[in-house]
1. At 0.36 nm per residue, and after removing the present C-alpha to C-alpha distance, how many nm does the segment from Asp200 to His63 gain when stretched out fully?
2. Just to be sure I understand the model, the point goes 7 Å from the Cα along the line to the Cβ. What's the resulting Ser74 to Glu192 distance in nm?
3. Using 0.36 nm times the number of residues separating Thr135 and Lys86, minus their current alpha carbon distance, what extension gain do you get?
4. Could you give log10 I(q)/I(0) at q = 0.12, 0.13, 0.19, 0.23 Å⁻¹ for the range 58-159, computed by the Debye formula over C-alpha point scatterers of equal weight, without solvent?
5. Using a Förster distance of 35 Å, how high is the FRET efficiency between Lys117 and His39, based on the Cβ-Cβ distance and rounded to 0.05?
6. Pull out the extension gain between Lys178 and Ser162, defined as 0.36 nm times the separation in residues minus the alpha carbon to alpha carbon distance; nm, one decimal.
7. Kindly identify the range 96-204 as rounded, prolate or oblate by the Cα gyration tensor criterion: order the square roots of the eigenvalues as a ≥ b ≥ c, call it rounded if a/c is under 1.5, otherwise compare a/b with b/c, prolate if a/b is larger, else oblate.
Amino acid sequence: MQIYTKLNLAMKCGKIFQLTMLAYFLLNVTPVSAKFNYHSQIGVVIANTVNGLYLIIPNPKVHVGESIVIVDLSSQHAMTAKITKKVPVLPPPLVGKVYSNDSPGSESYYLLMPTGKNKVAATSVNVGIVGFKGTFHAIHGFITADLNGNETAEYFRVCTSSEGLHLTVWTGEPLKGKRMWHTYYYLGFDVEPSCQSKDDEEQK
């Protein structure tokens with residue numbers, strides 16, 4: 001009888017040990033982060049002295065109150081802003097300015113409020129990133145971030161065509177690495193072109 005009692009006790013202790021180890025594993029395992037989506041997590045931020053600050057992005061699921069990162073393409077600095085309102089349409093001066101073949105789907109529009117010390121230029125066109133919790137670093141005058149977690153930094157670039165801006169994100173240095181995102185912003189007036197063929201060539 002004592003043999004059976006000891007055997008049952010040993011079996012119970014073994015199960016408790018297994019459950020304890022399982023709980024330890026579940027509590028201490030590092031969760032796998034969701035894959036970064038260049039098409040739905042990157043958009044265009046337009047600053048206008050009359051209308052304010054807007055995010056244009058093919059993502060209807062960005063939440064009011066959510067923080068985003070704005071990459072100032074001119075100064076190559078990162079700053080933060082908060083989504084304050086989703087709007088059905090942009091104010092008239094901003095309508096029909098953004099064209100993207102890399103980000104298919106209807107665009108959504110959000111009003112932003114800058115947060116933090118750095119402020120975006122009063123009239124500018126920049127890149128906005130949602131749902132990214134990583135850090136930004138300056139490398140040789142460029143602002144960079146490892147958006148997709150592959151240990152290769154993404155770079156942000158802007159250049160001019162004859163009537164607009166080409167905004168791009170690259171894995172690796174611009175024009176040398178792989179272009180991961182591209183959007184065209186129509187200015188509506190002539191400017192001196194600075195883009196190279198890789199800035200706007202069709203992706204294979």
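1. Numbers: separation 137, 0.36 × 137 = 49.32 nm, distance 3.10 nm.
Extra length available between Asp200 and His63 comes to 46.2 nm.
2. 1.6
3. Working: separation 49, 0.36 × 49 = 17.64 nm, distance 2.63 nm.
Additional length available on full extension: 15.0 nm.
4. The Cα Debye sum returns log10 ratios of -0.44, -0.52, -1.14, -1.54.
5. Using R0 = 35 Å, I get an efficiency of 0.70.
6. On the way: separation 16, 0.36 × 16 = 5.76 nm, distance 2.39 nm.
The Lys178-Ser162 span can extend by a further 3.4 nm.
7. Details: a/c = 1.43, a/b = 1.12, b/c = 1.28.
The shape class here is rounded.
Throughout, read-outs are computed from the coordinates displayed, never taken from laboratory work. Predicted, not measured: the structure shown is a model, and the values here were computed from it. Don't worry about glycine lacking a Cβ; one is built from the backbone with ideal geometry, like all the others, and counts go over all protein chains shown.
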